[in-house]
């Protein structure tokens with residue numbers, strides 16, 4: 001399989017793009033800015049932006065932090 005410009009297989013890039021779309025959608029539903037989500041999740045605003053555009057190679061632990069923000073914890 002060919003790799004894309006980010007060194008990922010096509011299905012990996014598609015997955016990260018879908019994940020980013022969902023994070024952006026959930027952030028909007030909760031009325032949060034990127035800055036506020038990043039602050040509450042303990043990560044940089046730039047990292048949140050990378051996740052939302054499908055460029056960040058997000059870890060499970062960071063996804064958990066984001067999910068906990070959306071749950072209000």
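Of these, 36, 5, which one is more than 13 Å from the chain's Cα centre (by Cα) and in a helix (DSSP H, G or I)?
36
Restricting to segment 39-50, give me the number of residues that are in a helix (DSSP H, G or I) and free of Cβ contacts under 8 Å to residues at least 24 places away in the same chain.
6
Please enumerate the residues belonging to segment 22-33 that are assigned to a helix (DSSP H, G or I), surrounded by fewer than 17 Cβ atoms within 10 Å (Cβ to Cβ) and in contact (Cβ under 8 Å) with a residue 12 or more places away in the chain.
26 - this is the single residue of segment 22-33 that is assigned to a helix (DSSP H, G or I), surrounded by fewer than 17 Cβ atoms within 10 Å (Cβ to Cβ) and in contact (Cβ under 8 Å) with a residue 12 or more places away in the chain.
Could you grab the pairs with beta carbons closer than 6 Å, sequence gap of 6+ or different chains, first residue in segment 56-69 and at pLDDT 95 or above, second one part of a helix (DSSP H, G or I) and surrounded by fewer than 19 Cβ atoms within 10 Å (Cβ to Cβ)?
69/40
The values are calculated or read from the model by the stated rules, or taken from the named source; none is laboratory data. These numbers were taken from a predicted model, which means no experiment stands behind them. Every residue, glycine among them, receives a Cβ derived from its backbone with ideal geometry; neighbour counts consider all protein chains shown.
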